[in-house]
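Asker: Sharing a structure here in structure tokens format.
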Amino acid sequence: MIIILRPNTDKNSDEYRETLRYLHNLPNILIREHQEIGVQQILTELYLIGETSAITSEEIALLPGVERVVRVSEEYRILGRHKDETRSSHFEYNGVLFSQNNFNVFAGLCAVDTREHIDLMMRALQANQQVCTRMGAYKPRTSPYAFQGHGKSCLPDVFELAGKYGIKIVAMEITHESHIHEIDEALSNTGHPTGVMLQIGTRNTQNFELLKIAGRQQKYPVLLKRGFGITLEESLNAAEYLASEGNRRVIFCLRGMKTSASDPHRNFVDFAHVPTIKRLTRMPVCIDPSHSVGSRAQSPDGIMDIMHVTAQGIIAGANMVLADFHPAPEKALVDGPQALLIKELPRFLEDIAIAREAYEKRVALFAQPL
Ligand code: PEP
Ligand code: MN
């Protein structure tokens, strides 16, 4: 059960104390408090965990300071969209809004290689009014002999150049707790010129210890990739791990499923699940067309498969796209064959705008009474 208190309820107020006293007297109930500090107001939510079946929503709603009571189903308690759920799912990070109702693009390098390539990429993003990017410093690779990413040594370049080009958020995969500390340190040493969204890759979707660590910190939002060989329910539970540890600024990313049935695509494109996730949870949904398709293959209509699946995900309501670009894909150390070229960025964005507009028209159409 979730108890939502009136905005700006003071923890020292009599009403807050009285409500807490009542709740603490309930048998076999654990109370977990969560505060959402927004620009205009502070929202306090109290999570009752345990034998809540013995309590009625009506009795709790009568307690002082209580605005609303939501009885949650067992699944995805925090991130789930429960019955009669109207709570908003948005969050803002470093001036960028994330929600199930808007849209952001994160185009960038799969793996950071040279300073020159970071510079070329970010310069192009700024020229195209983009404020977010992806930059892989820590790369989980199938072969231990493959390039593992430059790690912390490339962070100063990434953050400095992000600041130079007005990039507000860099999505960056982490595979170990130490990477968060390295990011902290590099951001601090460079004077916090940008923000970071921690990415948890498909190979780590069920690395529960990493999830708990990323969930316990509140500094950075998390982009969680769907596990490529597990059920959707299992991946959504992984997202719930992050939230249950305290970090609800979670974006869920579809990136295709591993099966030879996907051939010739690298993974089986699963963007039909965009609306499903929006229905089951309140998380913004991201799509990764690059790792789904895995190549620059193009159909006879002159449109690349990557562009086609991007449009398919967006027309179904995706809230974010994560895409690999590279100034010189033949020189890329990771995933060159699926990288889009810098000169293709304007058209990619234009195609996205077409698909997003079509989605918005569809929403308006279905909002009309029959
Ligand atoms: C990536 O985005 O660089 C990546 C490795 O993705 P995934 O975890 O989906 O394979
Ligand atoms: Mn990659």
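Asker: Just checking, does segment 308-324 include any residue being exposed (fewer than 15 other Cβ atoms within 10 Å of the Cβ) and either more than 16 Å from ligand 1 (Cβ to nearest atom) or within 29 Å of residue 142 (Cα to Cα) (or both)?
Answerer: The first filter runs over segment 308-324 and keeps only residues exposed (fewer than 15 other Cβ atoms within 10 Å of the Cβ), leaving none.
Taking every residue of segment 308-324 in turn, none turns out to be exposed (fewer than 15 other Cβ atoms within 10 Å of the Cβ) and either more than 16 Å from ligand 1 (Cβ to nearest atom) or within 29 Å of residue 142 (Cα to Cα) (or both).
Asker: Does segment 127-143 hold any residues that are more than 20 Å from residue 115 (Cα to Cα) and either within 16 Å of ligand 1 (Cβ to nearest atom) or basic (Lys, Arg) (or both), and which are they?
Answerer: 140, 141, 142, 143
Asker: Which condition number does residue 264 fail, the rest of (1) within 16 Å of ligand 2 (Cβ to nearest atom); (2) outside any helix (DSSP H, G or I) being met?
Answerer: (1)
Asker: Can you list residue pairs whose Cβ atoms sit under 8 Å apart, with the first residue in segment 127-141 being small (Gly, Ala, Ser) and in a loop (DSSP other than H, G, I, E, B) and the second being open to solvent by 40 Å² or more (accessible area, probe 1.4 Å) and more than 10 Å from ligand 1 (Cβ to nearest atom)? Count only pairs 6 or more apart in sequence or on different chains.
Answerer: If the second residue must be open to solvent by 40 Å² or more (accessible area, probe 1.4 Å) and more than 10 Å from ligand 1 (Cβ to nearest atom), the pairs left are 137/150; 137/152.
Asker: Could you tell me whether residue 237 is in contact (Cβ under 8 Å) with a residue 40 or more places away in the chain, within 18 Å of residue 100 (Cβ to Cβ) and of a type in the set (S, T, N, Q)? So that I can check it myself, show each step before the final result.
Answerer: On the way: in contact (Cβ under 8 Å) with a residue 40 or more places away in the chain: yes; within 18 Å of residue 100 (Cβ to Cβ): no; of a type in the set (S, T, N, Q): yes.
Judged against the criteria, residue 237 is not a match.
Asker: Continuing with the same structure: Let me spell it out: the conditions are (1) closer than 18 Å to residue 122 by Cβ; (2) loosely packed, with under 12 Cβ neighbours inside 10 Å; (3) away from ligand 2 (no atom under 16 Å from the Cβ), and residue 365 meets all of them except one. Which number is the exception?
Answerer: Condition (1) is where residue 365 drops out.
Asker: Same structure, new question: Do the conditions hold for residue 349, that is, is it assigned to a loop (DSSP other than H, G, I, E, B) and either hydroxyl-bearing (Ser, Thr, Tyr) or open to solvent by 10 Å² or more (accessible area, probe 1.4 Å) (or both)?
Answerer: Numbers: assigned to a loop (DSSP other than H, G, I, E, B): no; either hydroxyl-bearing (Ser, Thr, Tyr) or open to solvent by 10 Å² or more (accessible area, probe 1.4 Å) (or both): yes.
Judged against the criteria, residue 349 is not a match.
Asker: Please go through segment 105-155 and give me each residue that is within 14 Å of ligand 2 (Cβ to nearest atom), among the charged types (D, E, K, R) and over 11 Å from residue 172 (Cβ atoms), ordered by number.
Answerer: Once the filter is applied, which keeps residues that are within 14 Å of ligand 2 (Cβ to nearest atom), among the charged types (D, E, K, R) and over 11 Å from residue 172 (Cβ atoms), segment 105-155 yields 113, 141.
Asker: Looking only at segment 142-154, which residues are free of Cβ contacts under 8 Å to residues at least 60 places away in the same chain and open to solvent by 50 Å² or more (accessible area, probe 1.4 Å)?
Answerer: 142, 144, 145, 148, 150, 152, 153
Asker: Now for a separate question. So residue 144 fits all but one of (1) at pLDDT below 95; (2) farther than 21 Å from residue 255 by Cβ; (3) not aliphatic (A, V, I, L, M); what number is the exception?
Answerer: With respect to (1) at pLDDT below 95; (2) farther than 21 Å from residue 255 by Cβ; (3) not aliphatic (A, V, I, L, M), residue 144 is out only on (1).
Asker: I'm checking my understanding of the structure. Among residues of segment 14-69 that are among the β-branched types (Val, Ile, Thr) and surrounded by fewer than 16 Cβ atoms within 10 Å (Cβ to Cβ), which one is modelled with the lowest pLDDT? Outline the logic, then answer.
Answerer: Quick first cut of segment 14-69, residues among the β-branched types (Val, Ile, Thr) only: 19, 29, 31, 37, 39, 42, 44, 49, 52, 55-56, 60, 66, 69.
If we keep only those that are surrounded by fewer than 16 Cβ atoms within 10 Å (Cβ to Cβ) as well, we get 31, 37, 39, 42, 49, 56.
Numbers: 31: 92, 37: 75, 39: 71, 42: 86, 49: 84, 56: 90.
Selected residue: 39.
Asker: In the list 215, 166, 191, which residue meets the criterion of being more than 14 Å from residue 253 (Cα to Cα), away from ligand 1 (no atom under 16 Å from the Cβ) and outside any loop (DSSP other than H, G, I, E, B)?
Answerer: Details: 166 fails: outside any loop (DSSP other than H, G, I, E, B); 191 fails: outside any loop (DSSP other than H, G, I, E, B).
Of the residues listed, the single one that is more than 14 Å from residue 253 (Cα to Cα), away from ligand 1 (no atom under 16 Å from the Cβ) and outside any loop (DSSP other than H, G, I, E, B) is 215.
Asker: Only residues that are more than 16 Å from ligand 1 (Cβ to nearest atom) and among the charged types (D, E, K, R): list them for segment 325-370, please. Walk me through how you get there before you give the answer.
Answerer: Of all residues in segment 325-370, those more than 16 Å from ligand 1 (Cβ to nearest atom) come to 327-328, 330-331, 341-370.
Matches in segment 325-370: 330, 331, 343, 344, 347, 350, 351, 356, 357, 360, 361, 362.
Asker: Filter segment 352-362 down to the residues that are free of Cβ contacts under 8 Å to residues at least 24 places away in the same chain and open to solvent by 60 Å² or more (accessible area, probe 1.4 Å) and list them by number.
Answerer: Those that are free of Cβ contacts under 8 Å to residues at least 24 places away in the same chain and open to solvent by 60 Å² or more (accessible area, probe 1.4 Å): 357, 360, 361.
Asker: Between a first residue in segment 192-213 that is among the aromatic types (Phe, Trp, Tyr) and a second residue that is within 12 Å of ligand 1 (Cβ to nearest atom) and open to solvent by 40 Å² or more (accessible area, probe 1.4 Å), which pairs have beta carbons less than 7 Å apart while being 6 or more apart in sequence or on different chains?
Answerer: Cβ pairs passing all conditions: none.
Asker: Only residues in segment 340-351 that are closer than 13 Å to residue 306 by Cα count as the first member; pair them with residues that are of a type in the set (Asp, Glu) and modelled with pLDDT of 95 or more, Cβ under 7 angstrom, at least 6 apart or cross-chain, and list the lot.
Answerer: 340/324
Asker: Could you grab me the full set of residues in segment 270-306 that are farther than 28 Å from residue 249 by Cα, more than 16 Å from ligand 1 (Cβ to nearest atom) and part of a loop (DSSP other than H, G, I, E, B)?
Answerer: 296, 297, 299, 300, 301, 302, 303, listed by residue number.
Asker: Which numbered condition trips up residue 72, out of (1) aliphatic (A, V, I, L, M); (2) modelled with pLDDT of 95 or more; (3) in a loop (DSSP other than H, G, I, E, B)?
Answerer: Of everything listed in (1) aliphatic (A, V, I, L, M); (2) modelled with pLDDT of 95 or more; (3) in a loop (DSSP other than H, G, I, E, B), residue 72 misses just condition (2).
Asker: Could you check residue 320 against (1) closer than 18 Å to residue 119 by Cβ; (2) touching a Phe, Trp or Tyr at 6+ places or on another chain (Cβ under 7 Å) and say which number it fails?
Answerer: (1)
The values are calculated or read from the model by the stated rules, or taken from the named source; none is laboratory data. Note that the structure is predicted; figures quoted are calculated from it, not measured. Cβ sites come from the backbone with ideal geometry, for glycine too, and all protein chains shown count toward neighbours. Quick note on the areas: whole protein, heavy atoms, side chains included, nothing else; ligands and nucleic acids left out. Shrake-Rupley method; radii C 1.70, N 1.55, O 1.52, S 1.80 Å.
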